[in-house]
Amino acid sequence: MAALLEVQNLSVHFGGLAAVDDVSFAVEEGERLVLIGPNGAGKTTLFNLLTGQLKPSGGKVLFKGRDITHKPVYARTQLGMARSFQITSLFPNESVLTNALIGLQGVRAGRYRVWGAFTGDKALRQEAQKLLETIDLWDKRDETVASLAYGEQRKIEMGLSLASGPDLLMLDEPSCGLTPTESADITERIRALGRKITVLMIAHDMDLVFGVAERIILLHFGAVSAEGTPDEIRANQTVKDIYMGSHKASTAGQ
Amino acid sequence: MATRPADVLFGRLARRSASVSPAAAGKGGAAAMLKAWLPAIVILVLMLLLPTFVPSYIQSLVTKMMIFALFGVSMNILWGFEGIPTFGHAAYFGFGGYACGILIVHGGISNFWLNLLLVIVFTALLGAGLGIPAFRVYGVGASDNPIYFLLVTLAFGELLVRVAIAARSLTGGSTGLAGIPYPDLGLPITINSFSFYFLVLLIVVVCLFLVYRLVNSHYGYALRGIHDNERRMQALGYNTWLYKYTSYIIAGAFGGIAGALFAYFGGVMVPGNMGMAMTDIVFLIVIMGSAAWYFGPVIGAVVVVGVEYLSSVYVPDRWPLIMGTIIVVVIMVIPQGIGVMLLGLWRRLVRGRSA
């Protein structure tokens, strides 16, 4: 299988701090790769570099074989990349349906149309119905997003990241703040995604990590400190040290 | 959630839909459409009949209200729908007015339609020029801290005021550009203060319709998305800079049309029409009427221009004091604006009758 996403020696420095330090890895097509690591390890910063919200200090990002290191965020989405946010990031003043419609419109040709009613766009509405039915929120389509329960908002968060029909789905802690039941539900949904969608995920919740991952990368102090299959990671001494919080681990990266 | 003054200033309010039941819109077909649009149609008919009932000074007052309604609505594209407050919107209003006046007085172009077209082109060009530096300091999702953008747009307006004062041969300097006649339509109709009312009504209604279609289009919903969450919009594939930039130009062009009508209306343009004094008024119009409802600025224009007229009759020279007081009271007491308050009353009335 060809690499869908290739990260080469990627770094970003904030002042003297190397938040992401010479990171290289590749995501194969159809793979489920999970990034783990303690707080402040640079996981979300790495995501922001991959999606273009941050500019790297050095290194390269290749997507589908093209160098996208300096492409803006929206252009990467047009190429087939999509992300969800750790902090729920929706359109709180709009209805659930409008959220879905806006989400779907982003990569479609009509997005600059200045004539014709947006909410009356039948083709788009049908797509929105499909999307909302997959996240079980079609019945709540007319409710304002701000009035929904947190768990439902997290579902929309995931729904919006799928709306552009991505080849690479990047999930930033999809179960963040959810109850164990809701978290298990999200895990099930990610497992149910077709193999056409490659998943790169950040997660803390170990049930979610081991429920989804085929390969795991451990980030520590901005660098890749371990990589392997779930079983290898489970047995890895560094991982144990970091997650048990031993003294050795906290000085290991320095 | 309680509304805070900062939410009002930065346009962070939940928008209201004009139809009585947003969920039902699109289902009921023609009858529901008619019901939703009935108030607008009634008001339009009343507006057409109004000049036969009221004295000419009231007619002229209503003409001014319509011009400022268009001005407020044009600003609200940016502020209410996209969440971008600007202190420089009067620059487009004044620039449009000056462009119109200079074309007539110095350019010898008397045809109204040609003049209007040129005003739209010139204000759009001005917006295209100023939009690039303005949005460089705006950044992404800056509705939480748009202070640099506010300062830059404020500077644009004041800059134009200085230019207008300095370029005396063209603009008449600080005394203003006088002698702008009523428009020449190029038709066998002469425009006087009576028929000018209907011309303004026509232009304003057409413009309001165009802007209404714009903010409800695919493009318009992208603006709303930027209002709520620009980062997400980018992640969804929208080139948000392009939306912000083009909407700035569009809002400027509609502001310029309002300015041109204002130039014809008063017959004179003064430099202050491009600066902070005029921006204050349009800010007041949008805040009073509500940035969260499409027709809010229309209500705001009626109230502000009405109160300004009353104060000029009864307590001349006290208008700034009154305006300041109103702005504080409205933000503290009805932060959602008079427009949304009236809309709420109207809905209760309609529901009460049909239920």
(1) of a type in the set (Val, Ile, Thr); (2) free of Cβ contacts under 8 Å to residues at least 60 places away in the same chain; (3) more than 7 Å from chain B (Cβ to nearest Cβ); (4) under 25 Å from A:Cys176 (Cβ atoms) all hold for A:Ile68 apart from (4)
Residues in the stretch A:118-164 that are among the small types (Gly, Ala, Ser) and either under 17 Å from A:Arg83 (Cβ atoms) or within 9 Å of chain B (Cβ to nearest Cβ) (or both) total 6
Exactly one of B:Ile189, B:Ile165 is surrounded by fewer than 21 Cβ atoms within 10 Å (Cβ to Cβ), among the aliphatic types (A, V, I, L, M), modelled with pLDDT under 90 and farther than 21 Å from B:Thr86 by Cβ, and that residue is B:Ile189
Within the stretch A:2-49, the count of residues that are on the phi > 0 side of the Ramachandran plot, in a loop (DSSP other than H, G, I, E, B) and in contact (Cβ under 8 Å) with a residue 12 or more places away in the chain comes to 3
Selection over the stretch A:12-29 where residues are within 19 Å of the chain's Cα centre (by Cα) and more than 19 Å from A:Asn39 (Cβ to Cβ) yields a count of 6
Checked B:Gly186, B:Gly139 against criteria (at positive phi and touching a residue at least 60 places away in the same chain (Cβ under 8 Å)); the one match is B:Gly186
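Residue-by-condition table, conditions (1) at pLDDT 95 or above; (2) surrounded by 24 or more Cβ atoms within 10 Å (Cβ to Cβ):
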residue	(1), (2)
B:Tyr57	no, no
B:Ser60	no, no
B:Phe68	yes, yes
B:Phe71	yes, yes
B:Leu78	no, yes
B:His89	no, yes
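How many residues are touching a residue at least 12 places away in the same chain (Cβ under 8 Å) and touching a Phe, Trp or Tyr at 6+ places or on another chain (Cβ under 9 Å) when one looks only at the stretch B:310-335?
1
Every residue, every condition in (1) within 8 Å of chain A (Cβ to nearest Cβ); (2) touching a Phe, Trp or Tyr at 6+ places or on another chain (Cβ under 8 Å); (3) at pLDDT 90 or above, yes or no:
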site: B:Val204; (1), (2), (3): no, no, yes
site: B:His218; (1), (2), (3): yes, yes, yes
site: B:Arg224; (1), (2), (3): yes, yes, yes
site: B:Ala251; (1), (2), (3): no, yes, yes
site: B:Gly256; (1), (2), (3): no, yes, yes
site: B:Met288; (1), (2), (3): no, no, no
site: B:Ala292; (1), (2), (3): no, no, no
When restricted to B:Leu159, B:Leu199, B:Leu154, the only residue under 21 Å from B:Val268 (Cβ atoms), at pLDDT 90 or above, more than 14 Å from chain A (Cβ to nearest Cβ) and surrounded by 15 or more Cβ atoms within 10 Å (Cβ to Cβ) is B:Leu199
Examine the stretch B:234-248 for a residue that is more than 13 Å from chain A (Cβ to nearest Cβ) and within 30 Å of A:Glu94 (Cβ to Cβ), and state whether such a residue exists.
-> yes
Restricted to the stretch A:70-96 and to residues being under 18 Å from the mean Cα position of the chain (by Cα) and among the β-branched types (Val, Ile, Thr), the residue surrounded by the most Cβ atoms within 10 Å (Cβ to Cβ) is A:Thr77
Based on what the data block shows, is B:Leu103 part of a helix (DSSP H, G or I), of a type in the set (A, V, I, L, M) and free of Cβ contacts under 8 Å to residues at least 24 places away in the same chain?
-> yes
Residue hits (the stretch A:100-117; more than 9 Å from chain B (Cβ to nearest Cβ) and at pLDDT 90 or above) are A:Ala100
Considering residues that are surrounded by 12 or more Cβ atoms within 10 Å (Cβ to Cβ), in contact with a Pro (Cβ under 8 Å, 6 or more places away or on another chain) and assigned to a helix (DSSP H, G or I), the number found within the stretch B:311-355 is 3
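The values are calculated or read from the model by the stated rules, or taken from the named source; none is laboratory data. Values in this document were obtained by computation on a predicted structure and should not be read as measured data. Virtual Cβ from ideal backbone geometry, glycine too; neighbours counted across all protein chains shown.
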